[in-house]
Amino acid sequence: MIQTFGHIYLSIFFKKLFQLTEQGIIYNDVVYSWDQIQKIEKSFGSFLLNLFMYSRGCPGATIYFDDGKKMRINARIFTKQSETPEFDISGFFTSESKAFLQFFDFLDNKIKDRNS
């Protein structure tokens, strides 16, 4: 199972970010296993914070790999290839797409499996 994820611009232009496999992540033609992910920093941008002008930037995450590379994910425009970003009720308030939330649930499970 290989799934392609990326950012979609203007609802029509898809830019591939990485491919997800059972063994790990393929980013910039380099295969990273789950053990090669050093840390994940998730940043929160909230609709309410934006509304009151206290924005800390757009929501997303940065994944750091053991070779020093890092991958930035913008949660608002993150989606699977051939899909448009969809938001549920919580996504409306956090500005995080369903694909972003599903990816991080999957990633959390892989990291927990690695640590156990």
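Descriptive notes on the structure:
- Efficiency of FRET from Cβ geometry, SER11 and ASP35, R₀ 41 Å, rounded to 0.05: 0.65
- Neighbours of LEU20 by Cβ distance under 13 Å: Lys/Arg scored +1, Asp/Glu scored -1, total +1.
- Residues whose placed amide H lies under 5 Å from that of TYR32, excluding near-sequence neighbours: ILE25, ILE26, TYR27
- For region 7-15, the Karplus equation 6.51 cos²θ - 1.76 cosθ + 1.60, evaluated at θ = phi - 60°, returns couplings of 10, 10, 10, 6, 6, 9, 9, 9, 10 Hz by residue, with Gly and Pro reported as x.
Throughout, read-outs are computed from the coordinates displayed, never taken from laboratory work. The structure displayed is predicted, hence computed values, not measured ones. Positions of Cβ are backbone-derived with ideal geometry, glycine not excepted, and every protein chain shown enters the neighbour counts.
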